[in-house]
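Pasting a structure here, questions to come.
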Amino acid sequence: MADATYQATAKWLSIVGIGEDGLGGIGAAARQAIGEAEFVFGGARHLELARPAITGEARVWPSPFDAAMLDVIALRGRNVCILASGDPFWHGAGATIARRMSSVEYTVYPAPSSFSLAAARLGWALQDVETVSLHGRAVERLRPILHDGARIIALTSDGDGPAEITGILTRAGFGTSRLHVLEAMGGAAEKVSTMVASEIGDRAFGPLNVVAIEVVAGEDSRPIAFGGLPDDLFEHDGQITKSDVRAMALAALQPCRGQLLWDIGAGSGSVAISWLLCHPSMRAIAIEGRADRAGRIRRNAKNLGTPDLTIIEGAAPAALEGLPVPDAIFVGGGGSEPGVMDAAIAALKPGGRLVANAVTLEMEAVLLDLHARQGGELVQVALARAEPIGSMMGWRPAMPVTRWTWVKPR
């Protein structure tokens, strides 16, 4: 969080976005900010691009990068400049800086982002494009946004990025998608290569590249439908909240952007993964006592494009201690064990929602007692599916599910 106690009498920090075209691509005010700074921070590449304008002391970012910005903060009140790639506040250093300082302390001179440059080169309307940063992040984050006809611009980490993206596309049945690899945009070495994803092979690319994708679904493609994932997309051992019941549980949980879910007794992780797929800002923690199931959750999260799912291997209630306060809790397994429901109720944020499912008589008894003492909503879901009976069709009932939904008083 920015230091709100610091009262700046003047802006002491300049944040200058710079591209591969160096000083030629920035305005006079940004160049003046670089020239007047006593200290200029940046990566080695940025400092070399701006070298003709630097009159103060140039400082290369330490490795590993200091996200706390301690060296910059130590110079508070002096004339300091930070160099960043393109638009510092779009998947750039700006967000890191804003967490440590107040906006009254700095002036920003943004340059076009890599996304803007790529869209301009290809003639794509940026508002109609999915943009994703894979720089230092798992490439599986692409998986949820792969659907026929989509246009995606992905910022990569290095020259291996296009091949990694091709792997995701091919495995998901989108190998005939069209790829545009844009290298060193804005510089003298700029290059655009276009190919079908499945034909990329071991082709080498420069470390500064952006990949634009025109998604084409193959006959074997499996796009991810938000809120209604089929059960066969998950690896599981039978311990899974089935798709129909899962959809009703999500409706009862009422996910809102940025919220944190605890999935207690997560089994295959289907509820936590479905929660995360609602929006990129969602957060979830899956708590599972069995090591083999925790491993399945980890694989499911990676394969379905939610690699940021936090997995706690341990049994509730002990495994819940010290976890961040949740906005919502789903109890799918283990809720009848002593202390689990009490711990969940105690941990839930005021105004948060708790949804618990029961298929056993023991868990149903727990929910009946909680409903009598705490109130809330008690619903029983009974589903039947049409299946062959000899030469005809009949209804095959599934085990009924009792669901308790409760909102914690504020």
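Before we move on, is Ile285 closer than 23 Å to Met363 by Cα and either modelled with pLDDT of 95 or more or part of a strand (DSSP E or B) (or both)?
Yes: the conditions hold for Ile285.
Test each condition in (1) within 18 Å of Ser221 (Cα to Cα); (2) in a helix (DSSP H, G or I); (3) under 20 Å from the mean Cα position of the chain (by Cα) for His147 and report the one that comes out false.
Among (1) within 18 Å of Ser221 (Cα to Cα); (2) in a helix (DSSP H, G or I); (3) under 20 Å from the mean Cα position of the chain (by Cα), His147 violates only (2).
May I pose another question? Looking at the stretch 53-77, I want the residues that are in the same structural domain as Gly35 (by TED's automatic domain parsing) and at pLDDT 95 or above and have a partner that is of a type in the set (Asp, Glu) and surrounded by 12 or more Cβ atoms within 10 Å (Cβ to Cβ) with Cβ atoms under 6 Å, at least 6 apart or on another chain. Which pairs are those?
Gly56/Glu38
Take the residues in the stretch 221-259 that are polar (S, T, N, Q) and within 19 Å of Gly334 (Cβ to Cβ); name whichever of them is modelled with the highest pLDDT.
Among them, the one singled out is Thr241.
Can you name every residue in the stretch 290-327 that is buried (at least 23 other Cβ atoms within 10 Å of the Cβ) and closer than 24 Å to Trp406 by Cβ?
Of everything in the stretch 290-327, those that are buried (at least 23 other Cβ atoms within 10 Å of the Cβ) and closer than 24 Å to Trp406 by Cβ turn out to be Ala316, Pro326.
Now for a different question. Output the number of residues of the stretch 95-132 satisfying the condition of being assigned to a loop (DSSP other than H, G, I, E, B), surrounded by fewer than 20 Cβ atoms within 10 Å (Cβ to Cβ) and among the small types (Gly, Ala, Ser).
Here the count works out to 3.
Let me ask something additional. Return the only residue of Glu140, Glu190 being over 18 Å from Leu304 (Cβ atoms), in contact with a helix residue (DSSP H, G or I) (Cβ under 9 Å, 6 or more places away or on another chain) and among the acidic types (Asp, Glu).
Within the list Glu140, Glu190, the selection yields Glu190.
Somewhere in the stretch 169-179, is a residue among the charged types (D, E, K, R), at pLDDT 95 or above and closer than 23 Å to Leu304 by Cα?
Yes, the conditions are met somewhere in the stretch 169-179.
Then there is this: Pull up the stretch 70-94, narrow it to residues that are in contact with a His (Cβ under 8 Å, 6 or more places away or on another chain) and not in a loop (DSSP other than H, G, I, E, B), then point me to the one that is nearest to Ala154 (Cα to Cα).
Ser85
Moving on. Of the residues Cys256, Cys278, which single one is surrounded by fewer than 22 Cβ atoms within 10 Å (Cβ to Cβ), hydrophobic (A, V, I, L, M, F, W, C) and either in contact with a Gly (Cβ under 8 Å, 6 or more places away or on another chain) or without any contact (Cβ under 8 Å) to a residue 40 or more places away in the chain (or both)?
Result of the check over Cys256, Cys278: Cys278.
For every residue, the table says whether it meets (1) in a helix (DSSP H, G or I); (2) among the β-branched types (Val, Ile, Thr); (3) at pLDDT 95 or above.
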| position | (1), (2), (3) |
| --- | --- |
| Leu261 | no, no, yes |
| Ile297 | yes, yes, yes |
| Gly305 | no, no, no |
| Ile312 | no, yes, yes |
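Restrict the check to the stretch 211-223 and report whether at least one residue is among the hydroxyl-bearing types (Ser, Thr, Tyr) and either touching a residue at least 40 places away in the same chain (Cβ under 8 Å) or loosely packed, with under 15 Cβ neighbours inside 10 Å (or both).
Yes, the stretch 211-223 contains at least one residue that is among the hydroxyl-bearing types (Ser, Thr, Tyr) and either touching a residue at least 40 places away in the same chain (Cβ under 8 Å) or loosely packed, with under 15 Cβ neighbours inside 10 Å (or both).
Going by what's in this entry, would Ile97 be described as in contact (Cβ under 8 Å) with a residue 60 or more places away in the chain and closer than 22 Å to Gly187 by Cβ?
No; evaluated as a whole, the condition is false for this residue.
Residues to consider are Thr176, Thr156; find the one that is closer than 27 Å to Gly86 by Cβ and of a type in the set (Val, Ile, Thr).
Answer to the selection: Thr156.
Can you tell me which residues in the stretch 137-167 are over 18 Å from Asn303 (Cα atoms) and either in contact (Cβ under 8 Å) with a residue 60 or more places away in the chain or not charged (D, E, K, R) (or both)?
Asp148, Gly149, Ala150, Arg151, Ile152, Ile153, Ala154, Leu155, Thr156, Ser157, Gly159, Pro162
Mind checking which pairs have a first residue in the stretch 168-187 that is on the phi > 0 side of the Ramachandran plot and a second that is surrounded by fewer than 22 Cβ atoms within 10 Å (Cβ to Cβ) and part of a strand (DSSP E or B), Cβ under 8 Å, 6 or more apart or different chains?
Ala184/Lys191
While we're here: Are there any pairs, at least 6 apart or on different chains, whose C-beta atoms fall under 7 Å, with the first in the stretch 367-395 and under 17 Å from Phe330 (Cα atoms) and the second among the β-branched types (Val, Ile, Thr) and not in a strand (DSSP E or B), and if so, which?
Partner pairs satisfying both residue conditions: Val381/Val245.
The values are calculated or read from the model by the stated rules, or taken from the named source; none is laboratory data. Owing to the predicted nature of the structure, the values given are computational and were not obtained by experimental measurement. Glycine gets a Cβ as well: all are built from the backbone with ideal geometry, and neighbour counts include every protein chain shown.
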